[in-house]
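The values are calculated or read from the model by the stated rules, or taken from the named source; none is laboratory data. A quick note: this is a predicted structure, and the numbers were derived from the prediction, not measured. Using ideal geometry, Cβ is built from the backbone for each residue, glycine included, and neighbour counts are taken over all protein chains shown. Quick note on the areas: whole protein, heavy atoms, side chains included, nothing else; ligands and nucleic acids left out. Shrake-Rupley method; radii C 1.70, N 1.55, O 1.52, S 1.80 Å.
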Amino acid sequence: MLPLTPFLVAVGLMLVIGLSCLMVKRDMVRLLIGVEILFNAANLCFIALSTQTPGYVDPFAHSVVMMAIVLDGTVIAVGLAMVLNVYKHYKTLDIRKLRRLKW
Amino acid sequence: MVGQEIIAHGSHLPLPLMVLLLGGITMLLIGLLNERIKIPWLREAWMVIVATAALGSVYLLHQQLKTVPSKIIVLVLWGQSPPLGGCFEIDTLSIFMSGSITFLVFLVALYSINYMEKESRLTEFYTLVTFMAAGMTGIVMAGDFFTLFIFWELMSLSSYVLVAFLKESWGPIEAGFKYLLMSATAGAFLLLSMSFLYGMTGTLNFAQLAASLRGVPISPWLIVLFSALIIGFGVKSAIVPLHTWLPDAHPEAPSPISALLSGIVIETGLYAMTRVLFTIFEPSFFKLAIALLAVLTMTLANVMALLQNDIKRLLAYSSIAQIGYMLVGLAAGTAYGVMGLFLHILNHSLMKGMAFLSSGSIAHEAKTRDIRNLRGVGRMMPITSLTLFIALLGLGGVPGTNGFISKFILFNSAIGSGMTWLAVAGVLNSALSMAYYLRVMKTLIGSPDEGFKVNEVAPLMVAVTLVMAGLIVVLGLWPAPAISFATKASETLVNGLNTYIRAVLG
């Protein structure tokens, strides 16, 4: 049984990094990387918690995480396709230039 | 009671879900046929057939459940029995929600035939619509959190692409990227809340979560879990601090998709939130927080809707306000309040679906969505405008329409659970909302400018909106069947939790 606290601290740090990346960064690809960091924080939390049953590692969490990795991969793929289309229209990857829709 | 706990077991996908997933896959082949061999209307006809089949299979499931109201069908997915593997659990509430979903998808499929005929890439369009419907049906039938998450992402992915479908102009792309970024972040928080639930109980099955988490003393971890859940579900169902994607995404999507998104997708998010909150927490735990969110949601959305000049954007803000009214029922926390919530979901899917379809017809003919340029359209498109008027009156809650019935139940339930201030806020907001609905009507029946000419849209589009208008009035004047069905549905959620737990855990 691994100690839980270091993993939960890492999850918290990844959450902070992912959210601040979403708030601070201007580049759209980096925003998607921020989303990916958030997803991986959740995945890490799953894996860390699966080691807490005494005696064995619960395989249920692993199957959930495998599917979650596939799902967030597809989300990021669709996001990158949209970034390509944004670049065609705006000729920039700066999210702050996308300000035509307001209110 | 004897005879109340009859459970049917099986190990296949629920029938409506099977129909929609197979229909979505075969749609690609059908579309190929349509393009290569040039058989006209093949895709459209196939879409209508798939939607009809889905509606019919929901009816079959309903017949299966009808004899015993609290019966639950458990369908095992991954080979393991429920607490370990994934499963589907179909009760009256699932039937109620999937009935609303497939009915709206059916009407939208009929409407899109004429509306989308000039667009290219229609095969992708219909495939995505089918998969979005499949995702929503999967969410309402999911029996564990993980199955819910998979179908949640299926629904979300299809809706991201559908919002950005008209990629030749900048609006849909910008709205779509905003929607994707916010919704994907919410998905990450949903996964995080799942991991907390897993860490607390060692399972993700709803029945086992209910058995092990309900009634535990409030701890800081429970509050963290609650906030992660609110963020995760709140972005999809557009609760106010998290709503900013909606007024961009819904107007920029093609009108049939706006009708689906506003009519049922955000409500599916609300359904998932209601199901999970009622399963995990006692109502007294989340009452006050949800009540505050409800007041915030409806007030801000109504004030913002007053400022809009774009008709579809106005309707999008009105959707947020309606989510606020629905949250009143959740905040009441009683079976009566939840009944109002689900009745309002059904009514709102008809009213807002139709409002978007009719305003889509108007925007399609007049080539503008700006209310200031639509003066006099009502004189040239009388039937479409009439249906739009009925939808707007229903959204405002005028007696005689179904919106009045469900709003009355919602505000009544708030008084019943001792939150009179919430009901007062709701009634004041309803009155405020009439201001912008009446503004749209006044503009539409004004006298047109010189040389401004539009024609009535294709008969099928008019027929779809007329059917929905008829249903709004009928359900407003004779609400008994809908109310009794919604009552049964909410009873299974609020009072039938023990049956639910026994049905799954045996």
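Details
- Residue match in region B:93-116 (condition: under 18 Å from B:MET27 (Cα atoms), at pLDDT below 90, out of contact with any Pro (no Cβ under 9 Å at 6 or more places or on another chain) and not in a helix (DSSP H, G or I)): no
- Hits in region B:306-322 - residues which are under 16 Å from B:ALA175 (Cα atoms) and in contact with a strand residue (DSSP E or B) (Cβ under 7 Å, 6 or more places away or on another chain): B:ASP310
For (1) more than 13 Å from B:THR185 (Cβ to Cβ); (2) of a type outside the set (Asp, Glu); (3) part of a loop (DSSP other than H, G, I, E, B), each residue gets a yes or a no:
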{"position": "A:PRO3", "(1), (2), (3)": "yes, yes, yes"}
{"position": "A:LEU13", "(1), (2), (3)": "yes, yes, no"}
{"position": "A:VAL16", "(1), (2), (3)": "yes, yes, no"}
{"position": "A:LEU19", "(1), (2), (3)": "no, yes, no"}
{"position": "A:PHE46", "(1), (2), (3)": "yes, yes, no"}
{"position": "A:TYR56", "(1), (2), (3)": "yes, yes, yes"}
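- Condition check for A:LEU2 on (1) in contact with a Ser or Thr (Cβ under 9 Å, 6 or more places away or on another chain); (2) surrounded by 16 or more Cβ atoms within 10 Å (Cβ to Cβ): one failure, at (2).
- Elements of type helices (runs of 4 or more DSSP H) contained in region B:221-280, each with 3 or more residues being out of contact with any His (no Cβ under 6 Å at 6 or more places or on another chain) and within 14 Å of another protein chain (Cβ to nearest Cβ): B:246-252
- Close pairs (8 angstrom Cβ cut-off, 6 or more residues apart or separate chains): under 18 Å from B:ILE409 (Cα atoms) in region B:487-502, modelled with pLDDT under 80 anywhere: B:LYS488/B:PRO69; B:GLU491/B:PRO69; B:GLU491/B:SER70
- Residues of region B:253-274 include none that is of a type in the set (Asp, Glu) and open to solvent by 10 Å² or more (accessible area, probe 1.4 Å).
- Residue selected from region B:117-159 under the condition within 14 Å of chain A (Cβ to nearest Cβ) and open to solvent by 10 Å² or more (accessible area, probe 1.4 Å), by the criterion farthest from B:LEU32 (Cα to Cα): B:ILE150
- Scan of region A:57-103 for residues that are β-branched (Val, Ile, Thr) and more than 22 Å from the chain's Cα centre (by Cα), ordered by number: A:VAL57, A:THR92
- Those residues of region A:60-76 which are open to solvent by 60 Å² or more (accessible area, probe 1.4 Å) and facing chain B (nearest Cβ under 10 Å), in sequence order: A:MET67, A:VAL70
- For the residues B:GLY176, B:GLY171, the requirement of being facing chain A (nearest Cβ under 7 Å) and crowded, with 24+ Cβ neighbours inside 10 Å singles out B:GLY176.
- Qualifying residue in region B:442-459 (condition: open to solvent by less than 70 Å² (accessible area, probe 1.4 Å), without any contact (Cβ under 8 Å) to a residue 24 or more places away in the chain and not polar (S, T, N, Q)): no
- Comparison of A:LEU38, A:LEU8 shows that the only residue that is modelled with pLDDT of 90 or more, more than 7 Å from every other protein chain (Cβ to nearest Cβ), under 28 Å from B:THR147 (Cα atoms) and surrounded by 15 or more Cβ atoms within 10 Å (Cβ to Cβ) is A:LEU8.
- Qualifying positions in region B:281-317 - of a type in the set (D, E, K, R), more than 22 Å from B:GLY426 (Cα to Cα) and not in a loop (DSSP other than H, G, I, E, B): B:ASP310, B:LYS312
- Hey, A:LEU93 closer than 20 Å to B:HIS250 by Cα, touching an Asp or Glu at 6+ places or on another chain (Cβ under 9 Å) and surrounded by 14 or more Cβ atoms within 10 Å (Cβ to Cβ) or not: no
- Residue match in region B:366-381 (condition: within 22 Å of the chain's Cα centre (by Cα) and within 21 Å of B:MET351 (Cβ to Cβ)): no
- Flag for A:MET82 being facing chain B (nearest Cβ under 7 Å) and surrounded by fewer than 17 Cβ atoms within 10 Å (Cβ to Cβ): no
- Within region B:36-50, tally of residues that are exposed (fewer than 15 other Cβ atoms within 10 Å of the Cβ) and in contact (Cβ under 8 Å) with a residue 40 or more places away in the chain: 1
- Neighbours by Cβ (under 9 Å, 6+ apart or cross-chain): first from region B:362-376, of a type in the set (Asp, Glu); second outside any loop (DSSP other than H, G, I, E, B): B:GLU365/B:VAL377; B:GLU365/B:MET380; B:GLU365/B:THR384; B:ASP370/B:ASP310; B:ASP370/B:ILE311
- Residue match in region B:205-214 (condition: crowded, with 21+ Cβ neighbours inside 10 Å, more than 8 Å from chain A (Cβ to nearest Cβ) and charged (D, E, K, R)): no
- When region B:452-506 is filtered for residues that are small (Gly, Ala, Ser) and more than 19 Å from the chain's Cα centre (by Cα), the ones remaining, listed by number, are B:ALA458, B:ALA463, B:GLY470, B:GLY476, B:ALA480, B:SER484, B:GLY496, B:ALA503, B:GLY506.
- Matching option when the condition is closer than 22 Å to B:MET136 by Cβ and assigned to a helix (DSSP H, G or I), among B:LEU327, B:LEU386: B:LEU327
- Among (1) more than 8 Å from chain B (Cβ to nearest Cβ); (2) without any contact (Cβ under 8 Å) to a residue 24 or more places away in the chain; (3) aliphatic (A, V, I, L, M), the one test that A:MET14 misses: (2)
- Screening B:ALA186 with (1) surrounded by 19 or more Cβ atoms within 10 Å (Cβ to Cβ); (2) more than 24 Å from the chain's Cα centre (by Cα); (3) more than 8 Å from chain A (Cβ to nearest Cβ) gives one miss only, at (2).
- Failed item, numbered, when B:VAL74 is tested on (1) under 30 Å from B:ALA463 (Cα atoms); (2) in contact with an Asp or Glu (Cβ under 6 Å, 6 or more places away or on another chain): (1)
- Single match in B:LEU393, B:LEU346 (criterion: under 17 Å from the mean Cα position of the chain (by Cα), open to solvent by 10 Å² or more (accessible area, probe 1.4 Å), more than 23 Å from B:GLU282 (Cα to Cα) and modelled with pLDDT of 90 or more): B:LEU346
- Per-region count, region A:17-35, residues of a type outside the set (Lys, Arg), within 12 Å of another protein chain (Cβ to nearest Cβ) and open to solvent by 50 Å² or more (accessible area, probe 1.4 Å): 4
- Just one of the listed residues (B:ALA366, B:ALA435) is over 23 Å from B:HIS344 (Cα atoms) and surrounded by fewer than 21 Cβ atoms within 10 Å (Cβ to Cβ), namely B:ALA366.
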